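Colleague: If you scroll down you'll find the structure; I have some questions about it.
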Amino acid sequence: MSTEKMGTVEYIQHHLQNNSICSADHINSTTGLCEGFWVLNVDTLVIAALIGALIVFVAARMGRKLASGTPGGFQNFVESILDFVSTNVRDAFPGHNPLIAPLALTIFLWVWLMNFMDLIPVDLLPYLYQIVTGDPHAHLKVVPTTDLNTTLAMSFTVFALILFYNIKVKGVVGFIKMFLFHPFGKFFVPVNIVMTIIEEVSKPLSLALRLFGNMFAGELVFLLIALIGGTLAVGAAALFWAPLQALLDLGWLIFHLLVITLQAFIFMVLTIVYLGMAHEDDH
């Protein structure tokens, strides 16, 4: 989408707006956009579901074509990821739970692939979507993890598992005692309750906000770099600004490749650690 057709602010706002559906009473009469809690971000749901389906499809095909003798390059790559996840589970999780390793692997792959959508040129998929729909103003936000709803949904799912295993391992009485007597003992029960609530609530919030904040900031930097070519590279000035844009884009892409991998790794490791804490009787 050319910035000649919209201003800088409008260009950024357009890219940061989800393709949403909602009831008529949740549509802003001024902007025509969906607002409020009961809004479905269709692009987030569809892209995240397609990435999840891709993981299942590739895993199913890989499972049917496993080679025990001399595996190919892709199988070696997949096995290296499995070894990497298994090593982190062994190092960070006490005891054994058959759910933890598959959960950690799913989180790492799904989050990384959703983050990877940020490396696709910011105008490419929205432009193609506008051509398909015939609507030059259609919104398409292609990075699911830049939507706070996505990161909160994943973190609250992990939090539900944390609560489940806390109660399962410690028992209802042990779980209540954790709130009453942790971390300062029986003489500071009110303080313990407040501190434990803060500690538990901070787990899903830290997971969600860390991933969202890093990915949102990365997407915003790509948009600002794209504006160099759209607003400044006009006429003879393009001889200077276009190469600069390409250089900045390449540099940020290489750096951001590390960021998206690190964020997927952190989400996975913290999930393992938090679930490991839930399995400890003395916590």
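Colleague: What does the convex hull of the Cα atoms come to per residue for segment 1-132, in Å³?
Modeller: 197
Colleague: Could you work out which residue, out of THR151, THR44, THR261, moves most in a Gaussian network model of the chain, that is, has the largest mean-square fluctuation with Cα springs under 10 Å?
Modeller: The residue that fluctuates most here is THR261.
Colleague: Inverting the mean 1/r over all pairs of different Cα atoms, compute the Kirkwood radius of segment 127-224 and quote it in Å.
Modeller: Details: mean 1/r = 0.0606 Å⁻¹.
Result for segment 127-224 stands at 16.5 Å.
Colleague: Between MET277 and HIS26, 0.36 nm times their residue separation minus their Cα-Cα distance comes to what?
Modeller: Fully extending the segment from MET277 to HIS26 adds 86.2 nm.
Colleague: Express the relative contact order of segment 13-122 as a whole percentage, based on alpha carbon pairs under 8 Å and six or more residues apart in sequence.
Modeller: Relative CO of segment 13-122 lands at 20 percent.
Colleague: Out of residues 5 or more away from ASP147 or on other chains, whose amide H comes under 5 Å of its own, with H placed 1.01 Å from N in the peptide plane?
Modeller: none
Colleague: Also, quick follow-up: Grab the alpha carbons of segment 67-140, take their convex hull, and tell me the volume per residue in Å³.
Modeller: 162
Colleague: Can you work out D for segment 58-213 in µm² s⁻¹ from Stokes-Einstein, where Rh is the Kirkwood radius over C-alpha pairs, the temperature is 37 °C and the viscosity is 0.692 mPa s?
Modeller: Details: Rh = 19.5 Å.
Diffusion coefficient, whole number: 168 µm²/s.
Colleague: Would you mind computing Rg(Cα) / (2.2 N^0.38 Å) for the chain, counting N as its residues?
Modeller: So the chain has a normalised radius of gyration of 1.22.
Colleague: Would you mind getting me the FRET efficiency between PHE57 and PHE255? Use the beta-carbon distance for r and R0 = 41 Å, nearest 0.05.
Modeller: Calculated value: 0.85.
Colleague: Which helices of the chain meet both criteria: a Cα extent of 15 Å or more along the helical axis and a mean Kyte-Doolittle score no lower than 0.0, with helices taken as whole DSSP H segments?
Modeller: Qualifying helices, which must be both long enough and hydrophobic enough, are 42-64, 73-92, 100-116, 148-181, 189-227, 238-278.
Colleague: By a straight-distance test (C-alpha under 16 Å), which lysines pair with LYS186 as possible cross-link partners, with residues fewer than eight away in the same chain excluded?
Modeller: LYS177
Colleague: Still on this model: Which whole number in µm²/s is D for segment 137-185 by Stokes-Einstein, with the Kirkwood Rh taken over Cα pairs at 37 °C and 0.692 mPa s?
Modeller: Estimated diffusion coefficient is 243 µm²/s.
Colleague: Under 24 Å between alpha carbons, and skipping anything fewer than 8 positions from LYS141 in its own chain: which lysines qualify?
Modeller: Answer for LYS141, where 24 Å is the Cα cut-off: LYS5, listed by chain and number.
Colleague: For segment 117-164, what value does the Rg/Rh ratio take when both radii are computed over Cα atoms and Rh is the Kirkwood radius, given to two decimals?
Modeller: Over the Cα atoms of segment 117-164, Rg/Rh equals 1.22.
Colleague: Which residue, GLN245, GLN75, GLN263, has the most motion in a Gaussian network model of the chain that connects Cα atoms within less than 10 Å?
Modeller: Highest fluctuation of the listed residues: GLN75.
A short reminder: the numbers here are calculations on the coordinates, not readings from a lab. Note that this is a predicted model, so its numbers are computed, not measured. For neighbour counting, all protein chains shown are included, and Cβ atoms are generated from backbone atoms with ideal geometry for every residue, glycine included.
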